[in-house]
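Here's the structure we're looking at; comments come further down.
The values are calculated or read from the model by the stated rules, or taken from the named source; none is laboratory data. All of these numbers come straight from a predicted model, not from anything done at the bench. Glycine gets a Cβ as well: all are built from the backbone with ideal geometry, and neighbour counts include every protein chain shown. Just so you know, the surface numbers come from the protein's heavy atoms only, side chains and all, with ligands and any DNA or RNA stripped out. Shrake-Rupley method; radii C 1.70, N 1.55, O 1.52, S 1.80 Å.
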Amino acid sequence: MSFTLPAIHEAIADVIPDREAIVSSKRRLNWRDLQRRTRQLGNLLRRAGLGCQVERSQRSSWESGQDHLGLYLYNGHEYLEGMVGAFKARVAPFNINYRYVDEELSYLFRDARPRALIYHASFAATLEHILPNVEPLVLLLQVDDGSNTPLLPGAQDYETALAGSSDATVAVEASPDDLYIVYTGGTTGMPKGVLWRQEDIFFAALGGRMPGGMAVTSLQEMVDRAPYGEMFRILPAPPFMHGAGHWSAFMMLHAGGTVVVQDNVRKLDADDIWSTIERERVFSLSMVGDAFARPLIEQLRHKPYDLSTLRVIGSGGALLSHDSKRAFLDLIPGVMVVDGFGASETGAQGASTMTSSEDVPPPFRMDEHTVVLDAEQQHCLEPGSEEIGWLARRGYVPLGYLNDRAKTERTYKIIDGVRYAIPGDRAKLTPGGEILVLGRDSVCINSGGEKIFAEEVEEALKKHPAVEDAVVCGTPSERWGQQVTAVVSRCPGQSLTADELRETAARELARFKLPRVIVFVDSVMRSPSGKPDYKWAKEVALRELAAGTSGE
């Protein structure tokens, strides 16, 4: 049985047409509405001549034979229906980071080569600067966001264009080989478009596995369970422009559930998120690490909410500290905290679950497709090996990186006849067979011959109660080659010295892992999804070192 995302959507909409699918402050769409609107968008794209131009079998793994639709949007129903409508037309949608400046956007447009674009009106001024310098688009759809921005030349109003398009079933049959594209955040380099087959991403990250890890075996199985998904209402707090945001949304939709969008989608507003959960009787909240958790926890300590329907808090994409997990469990009776592990290049790989604040930090339990390869990436390591290897995943993995053969061949390798995704995380196996993830190799610091993983140091620093956030990077050192350098923000009203912070971290870290340089800043910059911005941290650290103002 093969799966396509349009077929899944159509089948679920047919069986639960009156259930709410997407709820936002602008509109409440039931499944019948969503089916109609995504068909209208699909037919609009087809009428513009867009679709699959060259079948997957005739392309290399780093190439696309489909037209691309850029989504330059804040969270809202337009984002999710934009993805589904594109899939129905055999057009490949891709995410655009709305924090990018002109140069970054120009790079992205040159790399992704979109033929169509859906964008919020407030981004029109930025588009005016870059569109003359990239390949012409055949379709521009501008979403009214209350900014009273006039349409760009040649653009159509999104709602008007949909209303004028047919809501008949899109007259093209999608293929399991059709592409799903997600651009990486670019926190350690330029963003890259990860190419997935639709069927592979469905099983890897979009709900193709039942609770407990069993893979869905048929479309009928999904149809049969959809009527029982009425209680599954999720609020994905991260931006949909990152996988962490729309993966959780589609997992819930594919279970017959409802996606709830908070009112304030332009920044993290903790009161708005908790108020929306209370008002909409949300079952599950998804977020990204401590960057989201800490302000949410602080708000709960200042204002009470009725969170009696909230049963799951899920995090992925960045580390969620044990202290944050315990705080949620203490503040919200009956909730469980699920810390997920995965990447754009691998899909969801595992999770750890806490149900009591008395629990010790639970290990990540990886799925059966996740392994540790040896340092030379030639074979899988066995439990108990002392070797630090490479985290890898087999089974449902991406095709490669758009337009980048060299990076595709470095990341996706065939070993003993099996294809593996090796995104760059270092790991080792415990004697019991559990996988201990050490951190991303690209942000590993080599200090005096010792390898130090930034994530481990960050987690230790954030144990100090006066630390609001921390990002760790390597800076040049004449003696050590690289030195561990921390960029740290203090909690409001708190005092903290570099020596005090090192003393706390030394309870968990060997002395060679302690930051030799600590730079205090007003706030630590992260991506909108909550991921650390290592490029920014290194620039700040080098600037402070040059000025001689760091807290060494």
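Fully extending the segment from residue 535 to residue 264, taken as 0.36 nm per residue of separation minus the present Cα-Cα distance, adds 94.8 nm. Less than 5 angstrom separates the built amide H of residue 21 from those of 29, 30, 31, all sequence-distant by 5 or more or on a different chain. For the chain, averaging the sequence separation of C-alpha pairs within contact (under 8 Å, six or more residues apart) and dividing by the residue count gives a relative contact order of 11 percent.
Can you give the % of DSSP beta bridges in the chain that are antiparallel, to the nearest 5? Can you show the working numbers first?
Details: 55 of 90 bridges.
Around 60 percent of the beta bridges assigned by DSSP in the chain are antiparallel ones.
For region 283-429, taking Cα atoms only, Rg and Dmax work out to 18.3, 57 Å respectively. Quick one: in region 43-94, what % of C-alpha pairs are over 14 Å apart? Result for the distance tail: 53 percent. With the simple spin-label model, which puts each label point 7 Å out from Cα in the Cβ direction, the residue 409 to residue 446 separation comes to 2.4 nm. At q = 0.14, 0.16, 0.17, 0.27 Å⁻¹ the log10 of I(q)/I(0) for region 274-339 amounts to -0.34, -0.46, -0.52, -1.37, computed by Debye summation with a single uniform scatterer per C-alpha, solvent ignored.
For region 378-493, take N as its residue count and report Rg(C-alpha) divided by 2.2 N^0.38 Å. Before the final figure, lay out each step's value.
Values: Rg = 17.5 Å, N = 116, 2.2 N^0.38 = 13.4 Å.
Rg over 2.2 N^0.38 Å, computed on Cα atoms: 1.31.
Annotation note: trypsin sites (Lys or Arg not before Pro) in region 249-354 located in DSSP loop regions with a Cβ neighbour count of at most 14 within 10 Å are 266, 267. Placing a label point 7 Å from the Cα of residue 500 along the Cα-to-Cβ direction, no residue of region 290-318 has its backbone N under 15 Å from that point.
May I ask you to compute the full-extension gain from residue 378 to residue 463, defined as 0.36 nm times their residue separation minus their alpha-carbon distance, rounded to one decimal in nm?
Numbers: separation 85, 0.36 × 85 = 30.60 nm, distance 3.77 nm.
Length gained, residue 378 through residue 463: 26.8 nm.
Here, region 489-549 has an Rg and a Dmax of 12.9, 33 Å when only alpha carbons are counted.
Per-residue 3J(HN,Hα) values for region 531-540, derived from phi via the Karplus relation 6.51 cos²θ - 1.76 cosθ + 1.60 with θ = phi - 60°, read 7, x, 9, 6, 4, 4, 4, 5, 4, 4 Hz in sequence order (x marks Gly and Pro).
Stokes-Einstein D for region 8-90 at 10 °C, 1.306 mPa s, Kirkwood Rh over Cα pairs, in µm²/s? Don't skip to the end; give the middle numbers.
On the way: Rh = 13.9 Å.
In µm²/s, the coefficient is 114.
The string of couplings for region 344-350 from the Karplus curve (6.51, -1.76, 1.60, θ = phi - 60°) is 4, 8, 10, x, 6, 10, x Hz, one whole number per residue in order, with x for Gly and Pro. If you take all other residues with their beta carbon under 11 Å from the beta carbon of residue 306, and give Lys and Arg +1 and Asp and Glu -1, the sum is +1.
Per residue, the chain reaches -8500 deg cm²/dmol at 222 nm when only DSSP H runs of four or more residues are counted, each adding -39500 (n - 2.57).
Three principal axis extents of region 233-369 based on alpha-carbon atoms, in descending order, are 42, 33, 26 Å.
For the listed residue pairs 26/303; 267/463; 463/513; 88/531, the alpha carbons are over 20 angstrom apart in 26/303; 267/463; 88/531. The H on the amide N of residue 318, modeled in the peptide plane, is under 5 Å from the matching H of 289, each at least 5 residues off or on a different chain. Under the criterion of Cα pairs below 8 Å and six or more residues apart, the relative contact order for region 124-252 equals 15 percent. Region 142-196 and region 414-465 have Cα centres spaced 35 Å apart. From largest to smallest, the equivalent ellipsoid semi-axes obtained for region 46-142 from the alpha-carbon gyration tensor read 22, 16, 12 Å.
In the calculated pair distance distribution of region 241-317, what percentage of Cα-Cα distances lie above 22 Å? Roughly 17 percent, rounded to a whole number.
Each 10 Å bin from zero holds the following percent of Cα-Cα pairs in region 446-552: 16, 52, 30, 2.
Expressed as a fraction of 2.2 N^0.38 Å, the C-alpha radius of gyration for region 148-234 is 1.56.
Computed 3J(HN,Hα) for region 495-506, one whole-Hz value per residue from the Karplus formula 6.51 cos²θ - 1.76 cosθ + 1.60 where θ = phi - 60°, is 10, 6, 9, 4, 5, 4, 5, 5, 4, 5, 5, 5, glycine and proline marked x.
Once C-alpha pairs closer than 8 Å and six or more residues apart are averaged by separation and normalised to the residue number of region 381-508, the relative contact order reads 18 percent.
At a 1.4 Å probe radius, which order do 354, 231 fall into by accessible area, largest first?
Details: 354 0, 231 110 Å².
Per-residue accessible area, sorted high to low, gives 231, 354.
Diffusion coefficient of the chain by Stokes-Einstein, Kirkwood radius over Cα pairs, 20 °C, 1.002 mPa s: 88 µm²/s.
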